[in-house]
Structures are given as C-alpha cells and as structure tokens.
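S.K.: I'd like to ask you about the structure that follows.
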Amino acid sequence: MERDNHQEGEADGVKICGPTSDGNPPGKSCQRSPYLDQVTRPEAEKTENFECQNSVSGQQSTRGPEDATHDNDQSDSGEFVVTMLAKAKLEEQGIGVEGRSSPLLEAGTLESPALASHRDEDVTADSWRQHRKHVFVLSEAGKPIYSRYGSEEALSSTMGVMMALVSFVQSGDNIIRSVYSEEHTVVFLQKGPLVLVCVSSSRQSERQLRGELLYVYYQIISMLTQASISRIFEHKKNYDLRRLLAGSEKILDGLLNLVDSDPSFLLAAVHCLPLASSLRDSLSQILQKAITPNLVFSILIAKNQLLTIVQEKTVIEDTRLEPADVHLLLNLIGASSAFQAGEIWTPICLPLFNPDCYFYAYISYLDPPECTVCLLLLSTDKEAFYAVAECKRKIEEAMVAQNSLNLIAKVQPYSVSQVGVSDLRHFMYKPFDVPDNFRQLTQFTSPEMEAPYSNEEEKMRLLDLYRYMHSRIHSTSRPLKLIYHVAERETLLAWVTSKFELYTCFSPLVTKACAINAITKLLRWIKKEEDRLFIRYPPKYSTTPNPSKTSRGGKSDQQDSTDNGFLSLL
Amino acid sequence: MKKPDVKVVLLGDMNVGKTSLLHRYTERKFKDTISTVGGAFYLKQWGPYNISIWDTAGREQFHGLGSMYCRGAAAVILIYDVTNWQSLAELEERFLSLTDTANHDCIYAVVGNKADLTDPKAQQFQDPDETSEDRAECEEGRTEPQLHKQVPPEDAVSFYERILRYKGLDEKSSLPAGKMCFETSAKTGYNVDTLFEALFDLVLPSILRKRNENQVSPTVDLEECRGANNKRARSSCC
C-alpha cells in the first residue's frame, strides 16, 4: 500500500496564501513545503497571533504526519477548526483512523436512500460529523446559504465561525485557502460575495476539492447568474440568498452526489454514449433540421450521457461549450424530471459560456413513460417556447420515421472485455488531440464498471484510487507523467502525455512491463473505435434571425420562413 | 402540434402542491415531486378540446417568468396551502400582479390544497380511478388529520373578492366566490377532479369563441397546410 503517499507534501496546519493567488483556477494553488505551516506573509508576529487563535501547535508542525495518526491531541490545529465547525464536544475527538473506511461506506450506501432527510439531520450528532464530505455556502456577511447536510439554520453559528476565519485572515490582506488536519481537509473558496467551504475526509487533494467547490458555485450561478448575485449583495449585504435558492437544494445535493460518483467532474470532460457513427450522424441531422430563430444548442441525452450535440454556427464561432456547462445541464435535467408528459421551459445560465446571461432551456423526454431519452434545446429568446416546442415535434416525427428510439434503446455502455486485454479491469481515457480545427467539447471514454467494482462501495473505492492517481499526476509541487501504483487489491497505471490522459486499473499481480504492453493494445483499440466512442465532429446549424443569402442553399432559408410563419400565428 | 384551444395556469407559492395537484388530475397518483424549475407545459386532451396547462415554479427565483406564462391565459388557478397562512398572503403579494397579462375575461379560482392534513373528509376520500397499487403506497403514509388549519374558507372567499376588485370586475356579473373557491387534496384526490372539470366547463365558452374566431381568422394554421408550407407561410406575413 502506498497510502503514506497521500500525505506527501501535506502538513497539518493552516495554509494561507498571499492575495495574488486569489481568483486563480483551482490548479494554481500556492507552493507548499512539507511539514511546515505555510504562511507566506512576512510579519511573523501576526502569523503567530493567527496560530494562537487556532491553538495551532508549533510542536505539531515539526512532527512528521505519519506518527500523528493515533494522537488525540486536542491542540491539533485542523481538528480544532473542524471541532469548532461542528460545535461539538472536544472529548469526541478520537474517532480514530478507522473512520477512514466508514465515511467511504457511508458515501456509497447510506446517502442515496436517506436523501430527503438530510435537512433534518442533527448537526450535533456524531453521524453528522462523520460525513465524508461537507459543503457549506455562505455569504460574506456570514449568512448561511447552503449546507449539504443539516439545516442551514442549525448551522448558522458554525458558518459564522467559518466567516470569522475568512475575514480574520482577510483583515491582514491575506486569503485563507485551506486547513489541514490528519483526518480532514478544509478548503475555502471565495467567489464574489459568496464563500464556499468544503470539509472533507476523502483524502482528495486541495486542488480537487477546490474544483468541486467551483462546480457548486457554477451551479448557483447557473440558477441566478453572477450579475444578479453581485447586484443583490451590493444592495443589501446581509441578504438571505436562500430566498432565491429555496427549492434548489436538491439540485445542489444532486450535483454533489454526482461529483462524488461520476468521474466526468474529476476529468473535466463529458462522457458520451458509444454509438455507431452512422446512427449518431443521423441523429445529428435530425437535430440540425429542426431549428427556429435564436436556437443555439440542441442536445440529445440518453441514460444521462450525451448522444449528440448540435450548435449554432455564429454563436459558437470563437467559444465552445465547456464540459462544466454540460455537466450542470445534465445535473439540472436529472434533478428536474418533473413528470413525463410535461415540457419544461426554464431560464438557465451557462456560467462558463457567459456568467451574466440566461439561456432558455426547453427540456422534454422523447420516450415517455420510460423517460431515458431527453431532448434539450437552448434558445436565447424567452418567448420562444412554442417555436422551440414545435422543433421537438419535428424531431419526434423524424425519429419515429427513422426508428431512432428503438435503436437508441439498444445502445449499451461497453464492457472492458471488448478491448480484449486480459487483466485490464477498467480505464478512463481522455484525448487532447482534436480531430478538426474547431475546438471541440472535451470528452473521455470509459467502460462500465464491472466486477469486482459492481457495488457502490467498490465503485467508490476505485474512484478514490483514480482521484489519488489524478492528484499525484497533477500535483502542483511535483507533477508526474507516469505512475505505476501497486495497491492492495489492484494495480493502477496513470499516464499523461500531450495527446491524452489515461487511467487504467489492472488485476493486482500485473507487472509494469505487462501493464505498459496492455496499454499499447488499449490505445490501439481506442484508435480503432474512435468514431463510436466520441462525438468526432460536432455538427452545426444556422439560426440567426436574418440568415444572409450567402448561407448555402435554400434549405435553411426555407426552414426559417416556416418558423417565422409559425411564430406569427402566436 | 395539436394546437391548444385554451390556456390554464397554476400559480402559487413554493410547496403548496401545484405539481402534485396536476399530477393527481392527469396521472391519478400522488408521489414525491421535485421542486419545479421554470414552468412545465402540459397538453390535456379534454373531450374534443386541447387544454394547455402551465405548471409554474413557485420559487422566487423564477418570479420574472410568471407574467410570460400567464400571457393570454383563460383561467388562472391560484393555489395556497390550508396549513400555511403565509401561502395565501403570498398569492396576493407576489402572484396576483402576474396575472395582468392574462385575458381580460380570464377566470380565477382560489384553491386551498393539502386539505387532507386538516379535514377528515378530505383525508378519507378515495380516488376511484387510482390503481390499488398506488393507493396502497399512499395508505402507508396516511395518518390522522391533526394539523391546524390556518386558512379558513372565508379568507379564501374574501381574497377572491379582492381579486375581482383588483381586476375591476363587477361582483354581480362575475362568477360567485362560492363557485370559485375550492379546498383540495392532491394526496387523496379530494375535490381535484371537481376543480379541474368545473374550471374547464367554465372556459368552454372561451374555447368555442376562440375556435370561432379562428375560422374567420386571416392567419394560417400550419397544421392544415403541411406541404404547402412555403407559399402559405409567406402569405401569413401580410
């Protein structure tokens, strides 16, 4: 086991960075030196002051992290903060190292059935403190906005403490980024008037956790837009944002569950369903033909994965749809599957596309009552519901004519056995090389998780291994190109080149030479299957209100006049 | 597209049960719903007529969309929760003004949902169309009604009268409050059909008038002229 390496470069203590690193993407966290509470600020006096506030123990920082595991020393800085956060009795500190496996278990099994009751959780109970990953959102005034577990009201003083930490450090022209203890990592992210905090015992890297907080922030933006959030807080510093987010908690809960269980978020890439390229092309053509003015994206989804995506030509000219925006859309769909027959029309902001504006999303299932195939049409026109709904009618008709739904129903995620490499249990492959000049959607491909990773607990364990490999590969202090990692029950190999990023999982006794050999075979297989595994050339259409006569042929013109005609009926 | 003959809109605060009411009426069951985002459009076949129903989100986040959903509505159902007085107050404060874009002859219904929580009659009601399976599921959670009713029917009636005044409608020539205030339970199905059927009956004249108008209307119904799309669509611009 290489578990000790988890601790590499991590020291117990508070880490503070100078203000220059604010607003940087999660990757650019500051350099850290091991075994030292790193405070980049020069004035030593204030530093000490801060340490005192947290009862940070100078003696702790000189200790290696390994020997601290069985120590219940209450002066441990991180644990102290966590304790404060939990408002719990100090004697409860010794939850012990075994705690490491229990949060895992819990994440896999307990969370899903108990979803509804999370708000009512007793925040003083041990079970609350043992959650694998807490996420809190608060306003700069210290008002609670969201908590993953427990009600915000019950946590208001806890969040007050968090805000006190943030502003204390801020008052010295600094920014608090994280707090480490042997069991928990506390990561802070400030975005505009919002403060996001993650308290995790998942052993993920700070960078990964900050990335996850960023997803939470983006999801909030997707519902309210950045502009309106800043406007609200400019007007009223202590506004209770929950008024506007009420009812959206499940969307955030759903996002956090996905972040934990779906590697798309880790890889910042979308996972599309493997599909014969002829079928994918015909679906794209169907979408391409059903257009109306101001339609900008047409997206077809099955089993929560992309089938195809068609985009407006001019809107997309120099921007592309970011994977994160797609993830937010998919999460919204998953969290709002109202009931089958309905057609949803809702404003939604794609924060990476434009954080200040709304698109209007039309969401409808094409195969009620099963509801596995979902159509998502995005328009820039608030009033376009009926015109966009008419596009769905056209798409439906064409899909009936081509028997598409039956073909889609047969589509399955693939099995790793199809690759034909023995001892290979699972992999995730994310290519960087784009086949055409249009910068296209970043994607990855991965087979279904099969035995021994068939239950939730094992799946989570494998994902955690991947997360660990990912954090090593992308370590800011010591990035790596290739890792061969022999774990207890499997062997993993991660490899990043200028062309791709690859994570593979083998049975435990595979040698390094053997694994590299297998990867060569795997890469060959992926190359061969490329057309099926990825959306190769995202198709486009033109729906600008006044299509220039240069646009090729009469086809799109005719389409437009039809739709205009329909609009005038309304 | 089956052209909707008439538009009905459901309005009300978060968690009063708008989606559940509609679900009970259309799917004959009660299940946990997720907070609606934006608005959801349903086309209900009612006899020979197509009625479009907009189930809107009660969340303040989507407030800005309300008047769009209400545009041209023939009926608006204002829903509150009988166990929550604030939900009635919200109707007046936040939702009534959204109906400014509705038809001038729009009819209004005031509906107190969740009656099963306070009223034994509503609690014991059984939806005859519900499958025994769904009912069994529902029975499990059935407890004695014991919550305090915060909104007496008289309050709903006086709210209805204030709506008429707000709209500048004459009380005598308008539909009487007794006919337009309901108490329902989406959970048991109590009064749900009564509500929707009564409302649809009342909008029937406006359906017929609209159909009539359409016959002499100069605009072209695309459904009727598929195939001749190009020529006819252009003519509609004139």
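S.K.: How long, wide and thick is region B:93-187, going by the Cα atoms along their three principal axes, in whole angstroms, largest first?
M.R.: 47, 27, 25
S.K.: So in region B:6-235, what percent of DSSP beta bridges are antiparallel if you round to the nearest 5? Intermediate values should be presented prior to the final figure.
M.R.: On the way: 8 of 28 bridges.
Expressed as a percentage, antiparallel bridges in region B:6-235 total about 30.
S.K.: While we're here: Which residue fluctuates most in the GNM of chain B (Cα springs below 10 Å): B:Val82, B:Val157, B:Val37?
M.R.: B:Val37
S.K.: With 5 Å bins from zero, work out the P(r) of region A:416-533 over every alpha carbon pair and list the percent per bin.
M.R.: 2, 10, 22, 23, 21, 14, 6, 2, 0
S.K.: Sticking with this structure for a sec: Percent of Cα-Cα pairs more than 26 Å apart in region A:270-408, please. The partial results should precede the final answer.
M.R.: Numbers: 1422 of 9591 pairs.
Cα-Cα pairs of region A:270-408 separated by over 26 Å account for 15 percent.
S.K.: Something else about it: Using only the alpha-carbon atoms of chain B, report the extent along each of the three principal axes, biggest first, to the nearest angstrom.
M.R.: Projected onto the principal axes, the Cα atoms of chain B cover 64, 44, 34 Å.
S.K.: Taking the Cα centroid of region B:143-173 and of region A:133-193, what is the distance between the two, rounded to the nearest whole Å?
M.R.: 45 Å
S.K.: With all protein chains present and a 1.4 Å probe, how do B:Arg211, A:Arg467, A:Arg461, A:Arg320 order by accessible area, largest first?
M.R.: Solvent-accessible surface, decreasing: B:Arg211, A:Arg320, A:Arg461, A:Arg467.
S.K.: Show me the ranking of peptides A:251-263, A:323-335 by mean Cβ neighbours inside 10 Å, starting with the highest. Can you show the working numbers first?
M.R.: Working: A:251-263: 20.5, A:323-335: 22.4.
Descending packing order for the listed peptides: A:323-335, A:251-263.
S.K.: Please compute the length gained on full extension between A:Ser151 and A:Ala227, using 0.36 nm multiplied by the number of residues separating them and subtracting their Cα-Cα distance. Don't skip to the answer; put the middle values down first.
M.R.: Details: separation 76, 0.36 × 76 = 27.36 nm, distance 2.71 nm.
Here the segment from A:Ser151 to A:Ala227 would lengthen by 24.6 nm.
S.K.: May I pose another question? Within 9 Å, Cβ to Cβ, of A:Gln226, how many net charges do the neighbouring residues add up to if Lys/Arg are +1 and Asp/Glu are -1?
M.R.: On the way: positive: A:Lys191; negative: A:Asp356.
Net charge in that neighbourhood comes out at 0.
S.K.: What figure in square angstrom, to the nearest 10, would you give for the accessible area of A:Lys250 with a 1.4 Å probe?
M.R.: Answer for A:Lys250: close to 110 Å² accessible.
S.K.: Turning to a different aspect of this structure: If you plug each phi of region B:46-62 into the Karplus form 6.51 cos²θ - 1.76 cosθ + 1.60 with θ = phi - 60°, what whole-Hz ³J(HN,Hα) values come out, in order, with x for Gly and Pro?
M.R.: 10, x, x, 10, 10, 10, 8, 10, 9, 9, 9, 7, x, 5, 4, 3, 9
S.K.: With all protein chains present and a 1.4 Å probe, how do A:Val411, A:Val161 order by accessible area, largest first? Can you show the working numbers first?
M.R.: Values: A:Val411 15, A:Val161 40 Å².
So, going from the largest accessible area down, we get A:Val161, A:Val411.
S.K.: In Å, what is the Rg of the alpha-carbon atoms in region B:31-143, and how long is Dmax?
M.R.: When restricted to Cα atoms, region B:31-143 yields Rg and Dmax of 16.3, 45 Å.
S.K.: Arrange the residues B:Asp13, B:Asp170 by how much accessible surface each exposes, largest first, with a 1.4 angstrom probe. Don't skip to the answer; put the middle values down first.
M.R.: Numbers: B:Asp13 30, B:Asp170 85 Å².
My answer, sorted largest first, is B:Asp170, B:Asp13.
S.K.: Taking a ≥ b ≥ c as the square roots of the Cα gyration tensor eigenvalues, with a/c under 1.5 meaning rounded and otherwise prolate when a/b beats b/c, else oblate, which class fits region B:83-140? The partial results should precede the final answer.
M.R.: Details: a/c = 3.32, a/b = 2.00, b/c = 1.66.
Cα axes put region B:83-140 in the prolate bin.
S.K.: For peptide B:57-64, how many partner chain Cβ atoms fall within 10 Å of a residue's Cβ, on average? Can you show the working numbers first?
M.R.: Values: counts 5, 2, 7, 6, 11, 5, 1, 4.
The shielding value for this peptide is 5.
S.K.: Could you tell me what % of all Cα pairs in region A:165-238 have separations over 13 Å? Mind dumping the intermediate values first?
M.R.: Details: 1861 of 2701 pairs.
I get 69 percent for the Cα pairs in region A:165-238 exceeding 13 Å.
S.K.: Something else: Give the calculated FRET efficiency between A:Ala141 and A:Thr380 to the nearest 0.05, with a Förster radius of 25 Å applied to their Cβ-Cβ distance. Walk me through the numbers before you get to the answer.
M.R.: Working: r = 34 Å, r/R0 = 1.36.
E between A:Ala141 and A:Thr380, to the nearest 0.05, is 0.15.
S.K.: To continue, here is another question. Just to verify a number: what accessible area does A:Glu152 come out at with the full protein assembly present, 1.4 Å probe, Å² rounded to tens?
M.R.: Around 10 Å² of this residue is reachable by solvent.
The values are calculated or read from the model by the stated rules, or taken from the named source; none is laboratory data. Nothing here was measured: the structure is a model prediction, and the numbers come from that model. Because the Cβ atoms are built from the backbone with ideal geometry, glycine has one as well, and the counts that use them run over all protein chains shown. These accessible areas exclude ligands, DNA and RNA; they are computed on the full protein's heavy atoms, side chains included. Shrake-Rupley method; radii C 1.70, N 1.55, O 1.52, S 1.80 Å.
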